[in-house]
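Engineer: Dropping a structure here in structure tokens format, bear with me for questions.
Just so it is clear, none of the values below were taken in a lab; they were calculated from the coordinates. A quick note: this is a predicted structure, and the numbers were derived from the prediction, not measured. So basically every Cβ, Gly included, is an ideal-geometry build from the backbone, and we count neighbours across all protein chains shown.
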Ligand code: SPD
């Protein structure tokens with residue numbers, strides 16, 4: 001068994017390592033560090049810039065919840081834009097909807113698609129060859145800003161707000177997404193670990209609330225995203241798609257979908273919007289702030305390197321100049337989980 005441990009480096013104060021029993025591929029692409037490896041527990045793992053994107057054992061959770069929650073909420077959606085998502089997992093789920101006529105996937109890094117097909121083809125399956133699919137290798141920010149097309153649903157399957165994904169968490173990008181939605185269309189994005197990064201959830205929610213009539217974060221539990229509940233976020237101007245009756249969802253799942261699901265059920269769909277009180281408060285405050293004009297997004301503070309252990313030195317027999325202390329981190333003190341910026345409080349939530 002290999003002794004190489006590959007570390008997630010996104011959190012400033014907490015790192016998790018996964019054993020790489022075999023590194024299948026590792027490269028610095030034009031855009032990011034990409035590593036694909038095998039792990040005896042998780043299966044095949046994809047990490048980008050030190051952040052776990054997927055494992056073959058639990059990818060279905062995130063991919064199903066990113067695709068089916070918005071698509072089941074719509075009555076016979078026809079067109080979908082996936083921004084990012086080069087591994088093909090979200091696209092695979094989108095194409096299970098029989099009403100879909102067109103699915104455009106815009107991925108900045110072709111290596112993500114190529115390596116998915118080579119190292120974990122069970123995730124994209126035939127999605128990239130489906131006649132309804134169009135793959136565009138381009139910057140998602142630029143594509144959405146320039147497209148004249150409109151989609152019933154836009155799914156932003158980005159990584160965390162670092163590297164090439166950082167722009168996919170900004171107001172500029174989400175505002176262009178809104179323009180690229182049909183009337184009553186739905187925008188969803190991933191919003192990170194709700195309890196570890198409540199400011200991320202708050203930032204996107206503020207932006208969504210400044211742009212859309214309705215905003216509703218929802219939750220899934222994907223074990224490889226260590227650190228608790230994983231937030232997704234849902235925005236729309238349509239009232240009817242937010243609280244669709246479970247029976248209608250069940251009918252759509254029965255009649256409009258080809259292929260099995262392992263995590264999504266109509267009950268899970270409805271329950272995913274039931275947020276625990278502390279997360280609900282983060283969302284409610286952010287919606288109020290966004291309505292009142294505070295549209296600050298989340299900017300991730302670059303993770304600091306772990307404080308190095310002082311080198312072991314032989315014990316000095318006679319007094320020497322004092323040992324140097326490790327350099328103080330320039331990072332401000334960490335906020336408590338659940339803490340979020342509070343600002344405008346006057347507007348009423350419409351979510
Ligand atoms: N914290 C990791 C979030 C990763 C979101 N994107 C996953 C890509 C899988 N298609």
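Engineer: Please find, in a Gaussian network model of the chain (springs between Cα atoms separated by less than 10 Å), the residue of 233, 39, 191 whose mean-square fluctuation is greatest.
Structural biologist: Maximum fluctuation in the GNM of the chain, among the listed residues, is at 39.
Engineer: Nearest 10 degrees, 0 to 90: what angle lies between the long axis of helix 246-256 and the longest principal axis of the chain (Cα atoms)?
Structural biologist: 80 degrees
Engineer: Could I ask something else about it? Below 8 Å, C-alpha to C-alpha, sequence gap of six or more: please give me the relative contact order for the range 103-242 in percent.
Structural biologist: Dividing the mean separation by the residue count of the range 103-242 yields 20 percent.
Engineer: Scaled to the compact-protein estimate 2.2 N^0.38 Å, what is the alpha-carbon radius of gyration of the range 77-173, rounded to two decimal places?
Structural biologist: Here the answer is 1.02, to two decimals.
Engineer: Can I ask one more? Can you give me the relative contact order of the range 50-115 as a percent, contacts being Cα pairs under 8 Å and 6 or more apart?
Structural biologist: Averaging sequence separation for qualifying contacts and normalising by length gives 33 percent for the range 50-115.
Engineer: Calculate how steeply helix 277-291 sits against the longest principal axis of the alpha-carbon atoms of the chain, using the helix alpha-carbon long axis, and give the answer as 0 to 90 degrees to the nearest 10.
Structural biologist: 70 degrees
Engineer: Enumerate the residues in the range 47-63 having an amide nitrogen under 15 Å from the point lying 7 Å beyond the Cα of residue 29 toward its Cβ.
Structural biologist: 47-54
Engineer: So, one more: What is the Cα radius of gyration of the range 5-55 over 2.2 N^0.38 Å, N being its residue count?
Structural biologist: After normalising by residue count via 2.2 N^0.38 Å, the value is 1.07.
Engineer: While we're here: Counting pairs of alpha carbon atoms under 8 Å apart in space and at least six apart in sequence, what relative contact order in percent does the range 5-55 give?
Structural biologist: 28 percent
Engineer: Give or take rounding to whole Å, what are the principal axis extents of the alpha carbon atoms in the chain, in descending order?
Structural biologist: Principal axes ranked by extent give 81, 52, 38 Å for the Cα atoms.
Engineer: Give, to the nearest whole percent, the P(r) tail of the range 41-97 beyond 12 angstrom, counting all Cα pairs.
Structural biologist: Working: 1081 of 1596 pairs.
Of the Cα pairs, 68 percent sit more than 12 Å apart.
Engineer: Under 11 Å from the 7 Å Cα→Cβ point of residue 21, by amide nitrogen: which residues of the range 38-53?
Structural biologist: 38-44
Engineer: Please check: in the Gaussian network model of the chain (C-alpha springs, under 10 Å), which one of 198, 40, 124 has the largest mean-square fluctuation.
Structural biologist: 40
Engineer: While we're here: Hey, what number do you get for the chain at 222 nm if only DSSP H runs of n ≥ 4 count, each worth -39500 (n - 2.57), divided across all residues, to the nearest 500?
Structural biologist: Per the formula, -8000 deg cm²/dmol.
Engineer: Quick one: if you stick a label point 7 Å off each Cα along the C-beta vector at residue 274 and residue 41, how many nm between them?
Structural biologist: 2.9 nm
Engineer: Take residue 183 and residue 98, extend 7 Å from each Cα along the Cα→Cβ direction, and tell me the distance between the two endpoints in nm.
Structural biologist: 2.8 nm
Engineer: Work out how much length residue 239 to residue 262 would gain on full extension: take 0.36 nm times their residue separation and subtract the Cα-Cα distance, in nm to one decimal. If you can, show how the numbers build up before the last one.
Structural biologist: Values: separation 23, 0.36 × 23 = 8.28 nm, distance 2.83 nm.
Full-extension gain reported as 5.4 nm.
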